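Down below is the structure, laid out as structure tokens.
The values are calculated or read from the model by the stated rules, or taken from the named source; none is laboratory data. Since the model is a prediction, treat every value here as computed from it, not as a measurement. All Cβ positions, even for glycine, are placed from backbone atoms using ideal geometry, and neighbour counts span all protein chains on display. Surface areas here come from the heavy atoms of the whole protein model, side chains and all, with no ligands, DNA or RNA. Shrake-Rupley method; radii C 1.70, N 1.55, O 1.52, S 1.80 Å.
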Amino acid sequence: MSAPSSAPSAPAESAATETDFLAPDPALRPAGPTPSQSRFQVDLVAEAAGAADDKSPSSDASTTVPSSDKATPTAPLDGPSADPGVGGEEAKGRFRVVNFADPSGAGSAASSEAAPVEGLQNGDTVMSETSLHSSTGGQHHYHYDTHTNTYYLRTFGHNTIDAVPNIDFYRQTAAPLGEKLIRPTLSELHDELDKEPFEDGFANGDELTPAEEAAAKESADSKGVVKFGWIKGVLVRCMLNIWGVMLFIRMSWIVGQAGIALACLIVVMATVVTTITGLSTSAIATNGFVRGGGAYYLISRSLGPEFGGSIGLIFAFANAVAVAMYVVGFAETVVELLQSVDAIMTDNINDIRIIGTITVILLLGISVAGMEWEAKAQIFLLVVLITAIINYFIGTFIRVESKESKGFFGYDASIMWENMGPEFRGETFFSVFAIFFPAATGILAGANISGDLADPQLAIPRGTLLAILITGIVYLGVAVSTGSCIVRDASGNVNDTVSSQLLANCTSAACNFGYDFSACRISEEPCRYGLHNDFQVMSVVSGFGPIITAGIFSATLSSALASLVSAPKVFQALCKDNIYPGLSMFAKGYGKNNEPLRGYILTFGIALAFILIAELNIIAPIISNFFLASYALINFSVFHASLANSPGWRPSFKYYNMWVSLAGAILCCVVMFVINWWAALLTNVIVMGLFIYVSYKKPDVNWGSSTQALTYHQALTHTLQLSGVEDHIKNFRPQCLVMTGYPNSRPAILDLVHTFTKNVGLMICGHVRTGYRRPNFKDLATDQARYQRWLLKNETKAFYTPVFAEDMRQGTQYLLQAAGLGRLKPNTLVLGFKNDWRDGDMMNVETYISMIHDAFDFQFGAVILRLKEGLDVSHIQGQDELLSSQEKSSGMKDVIVSIDTSKDSDADSSKPSSKATSLQNSPAIQKDDDDDGKATTQPLLKKDKKSPTVPLNVSDQRLLEASQQFQKKQGKGTVDVWWLFDDGGLTLLIPYLLTNKKRWKDCKIRVFIGGKINRIDHDRRAMATLLSKFRIDFSDITVLGDINTKPKKEHTAAFEELIEPYRLKEDDMEQEAAERLKNSEPWRITDNELELYRAKTNRQIRLNELLKEHSSTANLIVMSLPLARKGAVSSALYMAWLEVLSKDLPPILLVRGNHQSVLTFYS
């Protein structure tokens, strides 16, 4: 398919139709290519097109962009689109067809300038010009363009930009296995053509953490990386790690103590634990692409960062200390050899330190040399180890007379039968099991270098399970063979033979061969040989003793080497995820294999420290417990993922069972306590401590863990269960739909409602978006996610729910009907008081009052908050910096919505007052010099170096201070409850819930009620009785006997003046004209209505006087909201009542329940 480009691009005019756009100039068509040869070639233009670095308007805009196959140099452009400054802008969001590929090589003169095409993708798929530059990693992404492809025309019968399934759509950004393509979005396929089809962004859930981005980038960039197959990478490592020192110097002793049967049981028990863990590891490893990090990666991506972070740290530490344990095992063997030839340098302990230090330096050298050298060393050590094992088994068949005095007589049924049962000497079954179990660990040696495996999904299950099988069989073989040919006690003295007269009294198996070792059991000093006494008995049995010594060296050094490589790799993966911020310096890798050199040095330091102790009897069980803790969590991960029933849990390895995995996790925990109970407790304390730390720090990662899946599953189950149960008064909770608009635009109402709903009831921040232009639902969804994240960052337990509607009332009706789920639905509408009701269009007041009527129609309670300064701070420049700073920390790249500078009404959260700013002005784009990437909660008004804030005027300063008053702890004060009308108890319940919270606990509740002057004491006692039955504490009850007293004349006159502009004055005009005016302006107050409700009007004015008299110093006033009959009281009159009732007062909450009881005194 390679061919030179044959024609210059056909310029695409912005006015061109889709058909015109697809049709190149016929004059430029090459002569008669066959249909299969005729392909469109599409120009790949990087995002940088149109940048300022062009030399001239006619500069060559062609650029070479790496594709998923090969680099494809593009043809030079001419015509209008050759000027990136003009054409780049004009062609934004459109495909540009360059030319046909001409297989014959014939072309126009332009082809001589064109670079040859090196690979036309695959002939069926082509790239579009909108190559995107991700804001997170700087990697190129390509859109998958099939719009111009004749393959689709032949396949589907029509041309389409719809894409067929392709693996590259499902890659994460900068995936190591290939380039990520971006499929056409739904908007591109569905929206009208005048919209720009492409917008920068990821598909849902494709965002990577910076750590993963870096890891993927390194993987993608590295060439010539050493990758291992399942044998060299997993099988060899696991076998070497599992076959430790125990095989040669402890297995025979275990058989002597426990007997053949129980020794086999011990091996089988250990193998069962490791096999179940191996199956679980295989299941997790085959549920998606596995990167480096081994056990840490598997657990963290399955159970989340809390468990992964805690296990990752102790697992890396355990591997580092294991290096010391194995090296000391090696050094002890060397020192024993030196002792046998009297070549001790100083004394035993110091010799172990010297030899151990030299050994670990050599091992470090091998590791730092690179994984390839380390793998070669492992292969060599495995050969030595297998030779030693074969040498031992050959030796068991060769009966040598000189070895008989040491207890070796070759295979014999009587010896086997004598050694079948246990003979514990100072040990128990579990203590022997505890000594053996560390020999079975090491099954994660292959998984720990998962990043260096060519195909971890195939290699980990196959290599790990085969290693467990082979090593288990060898352990069982050694147990049976040693028990069948060696007696438990032997003196090593050739003279301990049996005389013919004593033969009748000799009962041991050795008697059959003419030896009597019964003296060994009687004498105080035990014999030197036999299963019980000689740890080196396998050297005695083997065909050639020194090979066993070489096997011991091989087993110890290979395990040490595997641990020395595992620890830094796991630690590097942990540091890359930045779960412990202080450790990020160890994330850096070096060389083509990304070797964690800093991690090697750290591991070397830890290992050296423990080698210098030279006494590891206390450390060894802690290491075993650390390994077991990670095994337990791997098993639990599989159980948890299966239980969560997440559609994303689809391991290709099918031979696992959730209940077997759970049993494996429990077994691991049991074994931890069997081996060493105090070490198990210590391990659990450390894991829990790290878990709590990571949970507290809340790392900003989202790995789709099974914890998330199970949380969703439980939430869904419990929500459905709730729906099946009728509500009960005792369980009533105020579930508030709060009309906040953007949550950060009315902080006072958000803070106050959150105070009494936090951990008690549901809170939904409703936002009605209105506007004359077509609604942009994509923006709505983006805003929803952004502001929900803002609420979470501010630790506000609420949901943000925006809706599009034609007006405020319609949107509120949508929310009243549809917000919530099942029993988790709001039952109380919370509004801000409309402070500016007299300034704007009175139809807004009509809408506002209608919302209150709608709430009552839907059987909702209604709450209105009024602050005399106002509620809406969205017009204050800089108040949305808080949101933008947090967006930066989340790695978001959207434009933050900035609020219009015209002051919005406090109640009307739907006014189209928010407009998207340009990219330059957006607070999201401005970078703070001192921004450290942490999502700290910052003050509402933030001084920014890049955008200096305008000094605030006095009223704005007061407004800002008032908006933050509910964030502070309320000192000793009062919450005054004016419970004038019985609404079911909501007016009393809200202040009770408030004063239960830490911020309000110093405030006392004072209750005010209406009553007659001659029954004040009686009414007070009745209310006190009711409150005590409700178990609500109060400091005082005031009975107001003078509510019906006429208000002062000046206050009445002020009210008349207030409503004057809104009166209909029908008496001064003809009836028909009055009706026409009333229909067009339904909010107007009729004279008849004013006279009818004169008493109610006077009561509101009088109540305001009483409020000023009694509650002018209260921290908060909670008062019964006056009701207005729907259709009878005009909205202007009702608004005027609310205005005069709540004017010039401390913060006041007007509350009216739905007249269903929310308090009860029955148990």
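Selection over the range 585-602 of residues that are of a type in the set (Ser, Thr, Tyr) and open to solvent by 60 Å² or more (accessible area, probe 1.4 Å) gives a count of 1. Within the range 1027-1041, the only residue that satisfies the criterion of being in a helix (DSSP H, G or I) and touching a residue at least 40 places away in the same chain (Cβ under 8 Å) is Lys1029.
Mind checking whether some residue in the range 741-756 is assigned to a loop (DSSP other than H, G, I, E, B), within 12 Å of Ala798 (Cβ to Cβ) and among the basic types (Lys, Arg)? No, the range 741-756 contains no residue that is assigned to a loop (DSSP other than H, G, I, E, B), within 12 Å of Ala798 (Cβ to Cβ) and among the basic types (Lys, Arg).
Residue by residue, here is whether (1) at pLDDT below 85; (2) at positive phi holds:
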site: His718; (1), (2): no, no
site: Ser723; (1), (2): no, no
site: Asp727; (1), (2): yes, no
site: Phe732; (1), (2): no, no
site: Gly741; (1), (2): no, yes
site: Leu752; (1), (2): no, no
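Taking into account only those residues within the range 1101-1126 that are touching a helix residue (DSSP H, G or I) at 6+ places or on another chain (Cβ under 9 Å) and not hydrophobic (A, V, I, L, M, F, W, C), which is surrounded by the fewest Cβ atoms within 10 Å (Cβ to Cβ)? Filtering the range 1101-1126 for residues that are touching a helix residue (DSSP H, G or I) at 6+ places or on another chain (Cβ under 9 Å) and not hydrophobic (A, V, I, L, M, F, W, C), the one surrounded by the fewest Cβ atoms within 10 Å (Cβ to Cβ) comes out as Lys1126. The combined condition, being in a helix (DSSP H, G or I), of a type outside the set (Lys, Arg) and either closer than 26 Å to Met420 by Cβ or free of Cβ contacts under 8 Å to residues at least 40 places away in the same chain (or both), is not fulfilled by Ala322. Residues in the range 1088-1100 that are in a helix (DSSP H, G or I) and surrounded by 14 or more Cβ atoms within 10 Å (Cβ to Cβ): Glu1089, Leu1090, Lys1096, Thr1097, Asn1098, Arg1099, Gln1100. Note on the range 995-1016: residues that are open to solvent by less than 90 Å² (accessible area, probe 1.4 Å) and part of a strand (DSSP E or B) amount to 6.
So, in the range 163-194, of the ones that are open to solvent by 80 Å² or more (accessible area, probe 1.4 Å) and over 27 Å from the mean Cα position of the chain (by Cα), which residue ends up modelled with the lowest pLDDT? Among those residues, the one meeting the criterion is Asp194.
Here Glu1056 meets the list (1) touching a His at 6+ places or on another chain (Cβ under 8 Å); (2) part of a helix (DSSP H, G or I) almost entirely, failing just condition (1). Conditions: (1) of a type in the set (A, V, I, L, M, F, W, C); (2) under 26 Å from the mean Cα position of the chain (by Cα); (3) modelled with pLDDT under 90. Leu662 meets all but one. Number of the miss? All conditions pass for Leu662, except number (3).
Being among the aliphatic types (A, V, I, L, M), open to solvent by 10 Å² or more (accessible area, probe 1.4 Å) and part of a helix (DSSP H, G or I) is true of Leu469.
Quick check on the range 641-661. Is at least one of its residues touching a residue at least 12 places away in the same chain (Cβ under 8 Å), surrounded by fewer than 18 Cβ atoms within 10 Å (Cβ to Cβ), of a type in the set (Phe, Trp, Tyr) and part of a helix (DSSP H, G or I)? Scanning the range 641-661, I find at least one residue that is touching a residue at least 12 places away in the same chain (Cβ under 8 Å), surrounded by fewer than 18 Cβ atoms within 10 Å (Cβ to Cβ), of a type in the set (Phe, Trp, Tyr) and part of a helix (DSSP H, G or I), so the answer is yes.
Taken over the range 853-896, the residue count meeting the criterion of being acidic (Asp, Glu), open to solvent by less than 20 Å² (accessible area, probe 1.4 Å) and at pLDDT below 85 is 3.
Condition (residue is crowded, with 20+ Cβ neighbours inside 10 Å, over 30 Å from Asn794 (Cβ atoms), over 41 Å from the mean Cα position of the chain (by Cα) and in contact (Cβ under 8 Å) with a residue 24 or more places away in the chain) applied to the range 962-978: is it met by at least one residue? For the range 962-978, residues crowded, with 20+ Cβ neighbours inside 10 Å, over 30 Å from Asn794 (Cβ atoms), over 41 Å from the mean Cα position of the chain (by Cα) and in contact (Cβ under 8 Å) with a residue 24 or more places away in the chain: present.
From the list Leu1058, Leu1064, Leu994, exactly one residue is touching a strand residue (DSSP E or B) at 6+ places or on another chain (Cβ under 7 Å) and over 26 Å from Lys969 (Cα atoms). Which is it? After applying the criteria, what remains is Leu1064.
On inspection, Leu262 qualifies as open to solvent by 20 Å² or more (accessible area, probe 1.4 Å), part of a helix (DSSP H, G or I) and either in contact (Cβ under 8 Å) with a residue 24 or more places away in the chain or in contact with a Pro (Cβ under 7 Å, 6 or more places away or on another chain) (or both).
Against the list (1) touching a Ser or Thr at 6+ places or on another chain (Cβ under 7 Å); (2) more than 30 Å from Ser542 (Cβ to Cβ); (3) at pLDDT 85 or above, the condition Met239 fails is (2). Just one of the numbered conditions (1) farther than 30 Å from Gly984 by Cβ; (2) in contact (Cβ under 8 Å) with a residue 40 or more places away in the chain; (3) surrounded by fewer than 18 Cβ atoms within 10 Å (Cβ to Cβ) is not true of Asn1044: (1). Counting only residues that are surrounded by fewer than 24 Cβ atoms within 10 Å (Cβ to Cβ) and under 21 Å from Thr707 (Cβ atoms), which one in the range 267-300 is farthest from the chain's Cα centre (by Cα)? Within the range 267-300, the match that is farthest from the chain's Cα centre (by Cα) is Thr286. Evaluation of Val565 against the conditions (1) modelled with pLDDT under 85; (2) open to solvent by 10 Å² or more (accessible area, probe 1.4 Å); (3) farther than 20 Å from Val474 by Cα; (4) not charged (D, E, K, R) shows that the sole unmet condition is (2).
Is it true that some residue in the range 357-379 is modelled with pLDDT of 90 or more, farther than 30 Å from Gly589 by Cβ and among the aliphatic types (A, V, I, L, M)? No, the range 357-379 contains no residue that is modelled with pLDDT of 90 or more, farther than 30 Å from Gly589 by Cβ and among the aliphatic types (A, V, I, L, M).
Scanning the range 603-624 for residues that are at pLDDT below 85 and surrounded by 20 or more Cβ atoms within 10 Å (Cβ to Cβ) turns up Leu616, Ala620, Pro621, Ile622, Ile623, Ser624.
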